[in-house]
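Single-structure report; data block below.
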Amino acid sequence: EAKKRDHRRIGREMDLFSLQPEGPGFPFWHPRGMVVYNELTKLIREQLERRGYGEVRTPIVLSDELWKRSGHYDHFKDNMYFLEVDERSFAIKPMNCPGTCLVYGHRPRSYRELPVRMAEFSPLHRNELSGTLHGLLRVRLMAQDDAHVYCAPEDLQSEIADMIEMLQQVYPAIGFDPAEVIVKLATKPEKALGDPASWEKAEAALADALRAQGMAFEVNPGEGAFYGPKIEFHVTDALGRTWQCGTIQVDFSMPERFNLSYVGQDGQHHRPVMIHRAILGSFERLIGILIEHHAGRFPVWLAPVQATVLSITEAQGEYAVAVRDRLRAAGVRAEADIRGDKVGSKIRDAILERVPYQLVVGGREMESGQVAVRLLSGEDLGPMAIEDFLARIRHEIDERVA
């Protein structure tokens with residue numbers, strides 16, 4: 001079953017992405033794969049707008065001085081790419097957090113502005129060992145639905161609660177039940193930044209936030225990031241394997257290292273708390289997980305091609321194209337297969353490409369202005385008026401039915 005669901009094979013059959021020897025660990029995204037990528041990004045962006053996040057974009061290449069200041073140089077150097085420019089050493093960023101610290105710190109901040117919520121989807125590069133690379137599940141180039149929130153200590157609980165709520169709204173759309181998500185609290189690793197008191201405070205804040213949400217969790221000792229403890233959200237796929245996707249991390253160390261502050265109501269300078277969070281995690285990894293979880297049969301809203309119109313003979317070619325165009329005008333990702341091949345062969349191709357709806361059009365359908373609707377499962381829904389089909393598929397797309 002695992003072989004049948006291998007995302008590398010299905011990705012090839014669906015023409016989503018390729019892995020080339022010229023870029024080991026650097027996936028090449030094809031047009032259909034980018035549809036999936038962009039739909040997931042859109043899902044998150046809608047949540048960001050609702051929740052008061054601003055999107056930022058910080059440079060991919062930054063001076064190694066920055067990485068020394070952030071602590072990445074000491075703790076993450078072996079996983080970073082370095083280059084020389086004008087006799088200065090630079091690194092290609094493996095994470096977004098130091099860049100957003102510079103955005104926060106570029107001008108004075110007031111308590112009235114807090115919390116400052118920044119989201120970023122920039123590409124990240126990590127020098128993973130070649131032996132550990134595996135399709136999309138372990139890569140050297142990725143982007144994640146990253147965000148950094150700078151808040152007053154008293155806002156920590158409500159911000160974490162908002163992040164958990166966001167996760168609970170997003171996961172059903174991709175086919176995971178939030179009630180079945182395994183929650184872990186990852187605590188201080190051996191090599192860590194900051195003093196023990198800050199770590200204890202951060203761990204307590206995360207545990208309190210989970211309890212306040214009534215969420216059961218287990219402790220994952222020593223598995224926190226070097227700059228702070230984290231809540232990990234693990235999903236279980238169709239094969240019973242668990243994958244860590246979402247994370248929420250509390251960080252007292254980086255605001256200290258970047259000397260970040262805000263002026264409080266008392267007119268004094270105070271240190272903000274920084275929360276790092278991702279709901280989906282790496283898009284590359286998530287898409288690999290989703291391909292295997294759904295065996296390539298994505299929910300309709302996420303499918304690269306949502307409906308394909310298949311003509312029975314060449315006589316219906318023009319009608320098939322007109323139906324496709326009507327679907328496209330209604331915001332459906334549709335194709336038309338008007339090759340001279342037998343309709344059975346066209347259906348097989350559509351199944352291989354995991355197209356959720358196959359709309360067969362013969363002489364009868366053309367005369368009545370209808371389509372014969374067939375599901376990817378093989379179920380036949382029979383003839384349907386185009387408007388009725390549109391109402392059905394638009395509901396699945398608009399509601400992100402999984």
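At a glance:
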quantity: Gap separating the Cα centres of region 300-354 and region 74-148, nearest whole Å; calculated: 42 Å
quantity: Pair SER158, ARG211: separation of 7 Å Cα→Cβ label points (nm); calculated: 2.1 nm
quantity: FRET efficiency, 1/(1 + (r/R0)^6) with R0 30 Å, evaluated for GLU13 and ASP177 via beta carbons; calculated: 0.60
quantity: At q = 0.09, 0.13, 0.21 Å⁻¹, base-10 log of I(q)/I(0) for region 128-287 (Debye sum, equal scatterers on each alpha carbon); calculated: -0.32, -0.66, -1.45
quantity: Estimated translational D of region 7-64 in µm²/s (Stokes, Kirkwood radius over Cα pairs; 37 °C; 0.692 mPa s); calculated: 234 µm²/s
quantity: Prolate/oblate/rounded call for region 296-345, Cα gyration tensor, a/c under 1.5 rounded; calculated: oblate
quantity: Within region 318-392, chymotrypsin sites (Phe, Trp or Tyr not before Pro) in DSSP loop having at most 10 other beta-carbon neighbours inside 10 Å; calculated: none
quantity: PHE82 versus ARG348: modelled label distance in nm, points set 7 Å from Cα along the beta carbon direction; calculated: 5.6 nm
quantity: Relative packing of peptides 34-45, 189-200 - highest average C-beta neighbours within 10 Å first; calculated: 34-45, 189-200
quantity: Cα-based convex hull, region 300-398, per residue volume (Å³, whole number); calculated: 82 Å³
quantity: Choice from LEU156, LEU114, LEU290 with maximal GNM fluctuation in the chain (Cα, 10 Å cutoff); calculated: LEU114
quantity: Projected label distance in nm at LEU133 and LYS4, using a 7 Å step from Cα toward the beta-carbon; calculated: 3.0 nm
quantity: Over 20 Å between alpha carbons, listed pairs LYS188/LYS230; LYS42/LYS93; LYS201/LYS230; LYS4/LYS184; LYS77/LYS184; LYS93/LYS201; calculated: LYS42/LYS93; LYS4/LYS184; LYS77/LYS184; LYS93/LYS201
quantity: Extension gain, SER122 back to ASP74 (0.36 nm per residue minus Cα-Cα distance, nm); calculated: 15.0 nm
quantity: The chain: relative contact order as a whole-number percent, Cα under 8 Å and 6+ apart; calculated: 16 percent
quantity: Fraction of antiparallel bridges per DSSP, region 300-398 only, in percent to nearest 5; calculated: 50 percent
quantity: Dipole magnitude of region 300-398, debye to nearest 20 (Cβ charges: Lys/Arg +1, Asp/Glu -1, about Cα centre); calculated: 180 debye
quantity: Normalised convex hull volume, region 1-115, alpha-carbon set, Å³ per residue; calculated: 195 Å³
quantity: Mean residue ellipticity (222 nm) of the chain, computed from DSSP H runs ≥ 4 via -39,500 (n - 2.57), nearest 500; calculated: -10500 deg cm²/dmol
quantity: Estimated FRET transfer efficiency when R0 is 45 angstrom, pair MET34-GLU367 (beta carbons, to 0.05); calculated: 0.70
quantity: Viscosity 0.692 mPa s, temperature 37 °C, Stokes-Einstein D of region 257-345 from Kirkwood C-alpha radius, µm²/s; calculated: 182 µm²/s
quantity: Modelled label reach - GLU46, point 7 Å along Cα→Cβ, region 113-139 residues with backbone N closer than 14 Å; calculated: none
quantity: Placed amide H near LEU381: partners under 5 Å, 5+ positions off or other chain; calculated: VAL373, ARG374, LEU375
quantity: Integer Hz, Karplus 6.51/-1.76/1.60 couplings in order for region 36-42, x for Gly and Pro; calculated: 4, 4, 5, 5, 5, 4, 4
quantity: Student exercise, region 7-294 dipole from Lys, Arg, Asp, Glu Cβ charges, in Debye to nearest 20; calculated: 340 debye
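Here, each number is a calculation from the coordinates, and none is a lab measurement. Quantities reported herein were computed from a predicted structural model and do not represent experimental measurements. No Cβ is skipped: glycine too gets one built from the backbone with ideal geometry, and neighbour counts run over all protein chains shown.
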